[in-house]
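This report concerns only the one structure given below.
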Amino acid sequence: MSTPYDWLDRSLDSIHKANWYRSTQTISSKAGTIATIDGREMLMFASNNYLGLAGDRRLIDAAIAATEMYGTGSTGSRLVTGHLALHEELETAIADLKNTEDALVFSSGYLANLGAIAAIVGQRDLILGDEYNHSCLKKGGLLSGATAIDYQHLNLTDLTAKLQANRAKYRRCLITTDSVFSMDGDLATLREIMDLANQYDCMVLVDEAHGTGVFGDRGGGLTQALGIQQDLIQVGTLSKALGSLGGYVAGSAKLIDFLRNRAATWIYTTGLSPADTGAAIAAINIVKSENTLRQQLWQIVRFFKQGLQSLGIQAIAFDSPIIAIEMGDIAQTLKMATNLRENGIFAPAIRPPTVPTPRIRLTLMTSHTHEQIQYLMQCLQTW
């Protein structure tokens, strides 16, 4: 007897045949370089916990203190009952970190991009986005109803051509880009993008999800590292280098005031929990005051880069703590991930449709030791 849900079996079968099937691995340990995954201790080379803060005692204590003061939940949307003094403190801290007039905290970075993009542009507008932008930037464009056109990855010539051909047809134009591309680890050419935006009267939205905490002398991200002072929209997350949960938009006071009134994913979502908020505040204070964490991270990145190059192993980029090694096909990539796992290294295969080409995505953390990096290189070499 058929049911309205029979299509699920056919769809899952197609996913399996294409080697696109995904499943979760259960982690039963605190965030760090060694993780217990499905009951087995493994070296973690897949976490976005770049500065090791997700397991830091100071963040844990801050989360406990916030929970004891405010309880476990914020109990409502920010415009009703969910706006805590702690949220204001966090938004002030983010604005200071990003050197902007104000900031707005969302319940995730994904929601921050969806809400901001859909509020800023509409059906009469144009979005030009890097083709490798994160899913939330692309989905935000779809949600907005604006005409969304991709430009070739990091290709300023193509972006310029698409501006010349399309800009005059639309009321507003928004250029969107990751600052650090999450699956490749390479960096956007933000200065040049800002120059084009000024030339063609465009707004710019930069997703600093993988840049916040990692770049800049105070951890403010790639925009800070490049000394960009022009008006732009900065989006990011509290869940990667900052070791907590939530997302933010940082920018002018007018922008943030506008988003409080028009960003549906903020207006209609329960405010960030006290624990996550308290942990994020502690993380920002650490990031701003302890540059040694970033220095240690970049030492690890340089050490790994030198090691891979000595082995003749190519990576897409060495510009960030994300090191992606492209493979020939999906089956080979899955086999390599399995081999690494058998040797006690967790670095899963990243496959289409998430990325155009399969690869092993490795991420480095401040807390990785040289011995752990050398062991990873040994396993890569024997493959």
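Filtered by the rule that a residue be in contact (Cβ under 8 Å) with a residue 24 or more places away in the chain and at positive phi, region 225-250 gives GLY243, GLY246. Scanning region 215-231 for residues that are in contact with a Leu (Cβ under 7 Å, 6 or more places away or on another chain) and of a type outside the set (S, T, N, Q) yields PHE215, ARG218, GLY219, GLY220, LEU222, LEU226, ILE228. Every condition in (1) touching a Ser or Thr at 6+ places or on another chain (Cβ under 9 Å); (2) of a type in the set (A, V, I, L, M, F, W, C); (3) over 14 Å from SER47 (Cβ atoms); (4) open to solvent by less than 10 Å² (accessible area, probe 1.4 Å) holds for MET377 except the one numbered (4). Candidates in region 83-137 are the residues that are among the hydroxyl-bearing types (Ser, Thr, Tyr) and over 26 Å from ASP184 (Cβ atoms); of these, the one that is nearest to the chain's Cα centre (by Cα) is SER107. The single condition from (1) within 26 Å of ASP319 (Cα to Cα); (2) in contact with a strand residue (DSSP E or B) (Cβ under 8 Å, 6 or more places away or on another chain) that THR157 fails is (2).
Of the residues contained in region 167-184, one or more are found to be of a type outside the set (Gly, Ala, Ser) and in contact with a Ser or Thr (Cβ under 6 Å, 6 or more places away or on another chain). If you filter region 57-112 down to residues that are in a helix (DSSP H, G or I), without any contact (Cβ under 8 Å) to a residue 12 or more places away in the chain and open to solvent by 80 Å² or more (accessible area, probe 1.4 Å), you find that the one that is nearest to THR212 (Cα to Cα) is THR92. Filtered by the rule that a residue be acidic (Asp, Glu) and assigned to a strand (DSSP E or B), region 123-147 gives a lone residue, ASP130. Residue pairs whose Cβ atoms lie under 7 Å apart, separated by 6 or more positions or on different chains, with the first residue in region 197-224 and more than 15 Å from SER179 (Cα to Cα) and touching a residue at least 60 places away in the same chain (Cβ under 8 Å) and the second among the charged types (D, E, K, R) and surrounded by fewer than 24 Cβ atoms within 10 Å (Cβ to Cβ), are MET203/ARG172; ARG218/LYS288. Evaluated against (1) more than 30 Å from ASN343 (Cβ to Cβ); (2) out of contact with any helix residue (DSSP H, G or I) (no Cβ under 8 Å at 6 or more places or on another chain), ALA116 falls short on exactly one condition, (2).
With respect to the stated conditions, GLY271 is surrounded by 24 or more Cβ atoms within 10 Å (Cβ to Cβ) and out of contact with any Phe, Trp or Tyr (no Cβ under 9 Å at 6 or more places or on another chain). Residues that are surrounded by 11 or more Cβ atoms within 10 Å (Cβ to Cβ), of a type outside the set (A, V, I, L, M) and part of a loop (DSSP other than H, G, I, E, B) within region 1-22 comprise ASN19, TRP20, TYR21, listed in sequence order. Sub-9 Å Cβ pairs linking a first residue in region 363-383 that is closer than 11 Å to ILE345 by Cβ and free of Cβ contacts under 8 Å to residues at least 60 places away in the same chain to a second residue that is assigned to a loop (DSSP other than H, G, I, E, B) and open to solvent by less than 20 Å² (accessible area, probe 1.4 Å), at least 6 apart or interchain, are CYS379/GLY344, ordered by first then second residue.
The values are calculated or read from the model by the stated rules, or taken from the named source; none is laboratory data. Only a predicted model underlies this, so the values are computations on that prediction, with no experimental measurement involved. Methodologically, a virtual Cβ is constructed for each residue, glycine included, from the backbone with ideal geometry; neighbour enumeration extends over all protein chains shown. Quick note on the areas: whole protein, heavy atoms, side chains included, nothing else; ligands and nucleic acids left out. Shrake-Rupley method; radii C 1.70, N 1.55, O 1.52, S 1.80 Å.
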